[in-house]
1. Would you mind working out the magnitude of the charge dipole of the chain relative to its Cα centre, with +1 at each Lys and Arg C-beta and -1 at each Asp and Glu C-beta, to the nearest 20 Debye?
2. Choose one answer from Val103, Val128, Val112: the residue with the largest mean-square fluctuation in a GNM of the chain with alpha-carbon springs under 10 Å.
3. If you take the C-alpha gyration tensor of segment 63-155, multiply each eigenvalue by 5 and take the square root, what semi-axes do you get, largest first, in whole Å?
4. Per 0.36 nm of contour for each residue apart, how much would the distance between Lys144 and Glu122 grow if the chain were fully extended, relative to their Cα-Cα spacing?
5. Using a 7 Å offset from Cα along Cα-Cβ at Tyr157, what residues in segment 112-129 end up with backbone N under 11 Å from the label point?
6. Would you list the P(r) distribution for segment 10-102, with all Cα-Cα distances sorted into 5 Å bins from 0 and each bin expressed as a whole %?
7. On full extension of the chain, what length is gained from Leu62 through Ala45, given 0.36 nm per residue of separation minus the C-alpha to C-alpha distance?
8. Over segment 11-166, what relative contact order in percent results from Cα pairs under 8 Å that are six or more residues apart?
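What follows is calculated from the coordinates using simple rules that are stated; it is not laboratory data. All values derive from a computational prediction rather than experimental measurement. Here the Cβ positions follow ideal geometry from the backbone for every residue, glycine too, while neighbour counts run over all protein chains shown.
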Amino acid sequence: MAPRNDAPRYVFRPVSEADLPRIAGWLAEPHVAAWWDEPETEIAAIRDHIDSVSVEPLIVELSGKPIAYLQSYDPHLEDDHPYADQPFGTLGIDLTIGPPEMVGIGHGSAIVRQFVEELFDEGAPRVVIDPHPDNARAIRAYEKAGFREIGRRSSVYGDVVLMAVDEDGDDE
């Protein structure tokens with residue numbers, strides 16, 4: 001997955017307490033609210049993740065402007081995580097683009113592609129993502145970023161299409 005020369009470069013920075021009102025606003029946007037829990041519930045979880053070992057909450061910036069919330073997590077660091085059956089070292093990610101005007105113009109796949117490259121550079125052998133089966137826009141974006149469906153699951157996180165991309169290029 002070599003980066004394209006014309007692809008935007010995103011900055012991934014840790015979420016701070018000061019970011020939470022902006023994220024709450026994003027979570028209330030209709031294109032986000034359809035796929036996430038209530039903003040109050042999600043913000044409480046994100047606040048807890050700020051100092052977490054198993055989840056890394058990040059703000060994605062483009063040209064200094066926050067445009068998305070991204071988190072990575074290690075399913076092997078959580079008891080009974082439904083993806084603990086994935087190879088050791090696998091990391092999971094979740095992404096939501098906040099501002100409505102930034103949706104549908106290629107940022108989702110580009111953000112994921114760049115972030116996955118960074119995770120591979122850090123040694124992750126596989127990255128998984130789990131959109132809802134009805135979230136066709138997200139599934140297309142993740143396929144564009146190199147992910148392929150490896151199964152369907154129903155868990156405490158709801159019904160998902162489990163998708164993966166492997167560092168060695170073998171997604172099966």
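1. Its charge dipole is roughly 780 debye.
2. Per the Cα network of the chain with a 10 Å cutoff, Val103 tops the list.
3. That gives 23, 16, 12 Å for the three semi-axes.
4. 5.7 nm
5. Hits in segment 112-129 for Tyr157 at 11 Å: 128-129.
6. 3, 14, 23, 24, 19, 12, 5, 1
7. Stretched fully, the Leu62-Ala45 segment lengthens by 3.6 nm.
8. 17 percent
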